[in-house]
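J.: Mind looking over this structure? Questions follow.
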């Protein structure tokens, strides 16, 4: 059976609080044996990959650039799309569920595509969209996404 | 000088009220000599194209499909992207400003990309995002977008 | 009935001979009442748009950049895709038939996608691919594409 | 240091000879510790993934569809782009070098993009493009790509 794939979405600049939340989210995803997919850049993306690697997980970075050296150093597999911001749709199509942390309009576009696709989105300090499962901690967020994916 | 290009975004299924609002938005865009760009399908997209053609305007439909026959019949120039929902970014990159009418997650993704790009978005009965200029009528919405584009 | 849409593909740097061939190709497309679509940049793209505008035609430039100011000045309608070289598929999906003039690997990718889609391609001094209709003059190339599109 | 990423490109329907060549190509890539990337579907893509998995390698399938269940069963990590044939550019941007086996116009588009990017392409029974390194066996093809990547 294929491993679950969890997307972590959020801004490329973050303060310590959200960097830590993203790091713990990555850890939690890896501990559950899921693959982490993200946009491959800095901020929330980097922190979540770093956390996943700490726990021996697998990380995929779906980059806007056609240059795979733009990936942060915790990305195992950089996918260099070369399609700019349109790569947000590739992240959404590739993951089964999402944790959104903080973030700005780019994150909002990913939330929108994820909800359109009927995929679960847990949110920590992010946009106030009704269909998002609001969470206080990374553990709660990852748990809620997994429960949805398991049909609970 | 290049003509202004105004994007009309909204759902592909609408009730009479929003169909009429989209129609009038298309008329108003054409009367001001701007080009109308949209997703080329039904609902708000079709209504706005129909309104623009009534006033002799030019309409561009940026389609998800690679088959240009999927465009509504009021589209002058169908651009068949073949890139699915990623075409939402092409609409946003191509237009200078936007009127959003009603709509669901697809529309939200376009609003998000537009705001990220720093382009003005006027909204009629759509998502409650702070940066959207909330409007009651098509005339007001088009006027507000033009004022922003003219630097007023 | 929708107007026919003819794609002109070729390199963004050309010598005088191919610039002239592209210019005449654009003229011939416009004289026949078809819309010209191209990649919107310099070289063959610019020359063909210039020729089409000389004859009062309509020109569409499907750009790799998300900045529509990258279009050459003979493009009426710049479509700013922001998807980089992947925009070659958008050009191919949008046009009904093609004239290829000179060009390098980018042009070859467009020829490949066009042939895959079963669309006619006339070629002047371009790649030696069996399915291309080899031509000596712009008039012959445009004529052959139109004959194919009319089912002759 | 990042692992090398080798793309295997070719048709989605093949005879036994090319299926076997693709299988051996996948084996050889995995034996050298490189990651295999392909279009994720049937034919040459499936055979190469199967070969790579036989040797314990890692396989990435970059799919045209937004449904990751369209991947063949030997793909470890399906990337569901949802951008149709434009995904060919994502394959090219993601890999460092390529082995092309047989194939039709889709493969030709990938060869074209790869050569444009200045990346090495070894070919077995594929298009007769001068810049392709023509090879008789999978071992020779993989060897030639690795030699180029190592600057030999």
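The values are calculated or read from the model by the stated rules, or taken from the named source; none is laboratory data. Worth saying up front: this structure is predicted, and the values here are computed from it rather than measured. Note that we place each Cβ from the backbone using ideal geometry, even for glycine, and neighbour counts take in every protein chain shown.
J.: For residue B:121, work out the one condition from (1) within 14 Å of chain A (Cβ to nearest Cβ); (2) crowded, with 24+ Cβ neighbours inside 10 Å; (3) within 28 Å of residue C:34 (Cβ to Cβ) it doesn't fulfil.
T.: The failed condition is (3).
J.: I'd like the full set of residues that are crowded, with 24+ Cβ neighbours inside 10 Å and at the interface with another protein chain (Cβ under 8 Å from one of its Cβ atoms), limited to the range A:40-84.
T.: A:60, A:62, A:77, A:79, A:80, A:81, A:82, A:83
J.: Report whether or not residue A:115 is surrounded by fewer than 24 Cβ atoms within 10 Å (Cβ to Cβ), closer than 30 Å to residue B:128 by Cα, modelled with pLDDT of 95 or more and within 13 Å of the chain's Cα centre (by Cα).
T.: Spelling it out, it is not the case that residue A:115 is surrounded by fewer than 24 Cβ atoms within 10 Å (Cβ to Cβ), closer than 30 Å to residue B:128 by Cα, modelled with pLDDT of 95 or more and within 13 Å of the chain's Cα centre (by Cα).
J.: Go through the residues of the range C:18-37 one by one and say whether even a single one is part of a loop (DSSP other than H, G, I, E, B), under 28 Å from residue A:83 (Cβ atoms) and either modelled with pLDDT of 95 or more or within 12 Å of chain B (Cβ to nearest Cβ) (or both).
T.: no
J.: State which residue is nearest to the chain's Cα centre (by Cα) when the search covers only the range C:85-105 and only residues that are away from chain D (no Cβ under 14 Å) and under 18 Å from residue C:14 (Cα atoms).
T.: C:99
J.: Restricting attention to the range C:130-149, which residues are crowded, with 16+ Cβ neighbours inside 10 Å and in contact with a helix residue (DSSP H, G or I) (Cβ under 6 Å, 6 or more places away or on another chain)?
T.: Answer for the range C:130-149, where residues must be crowded, with 16+ Cβ neighbours inside 10 Å and in contact with a helix residue (DSSP H, G or I) (Cβ under 6 Å, 6 or more places away or on another chain): C:133, C:135, C:138, C:142.
J.: Given the criteria in contact (Cβ under 8 Å) with a residue 40 or more places away in the chain, surrounded by fewer than 24 Cβ atoms within 10 Å (Cβ to Cβ) and either at negative phi or assigned to a helix (DSSP H, G or I) (or both), does residue C:14 qualify?
T.: So residue C:14 fits the description; yes.
J.: Take residue A:2 and decide whether it is within 23 Å of residue D:37 (Cβ to Cβ), without any contact (Cβ under 8 Å) to a residue 40 or more places away in the chain, surrounded by fewer than 24 Cβ atoms within 10 Å (Cβ to Cβ) and out of contact with any strand residue (DSSP E or B) (no Cβ under 7 Å at 6 or more places or on another chain).
T.: The answer is yes for residue A:2.
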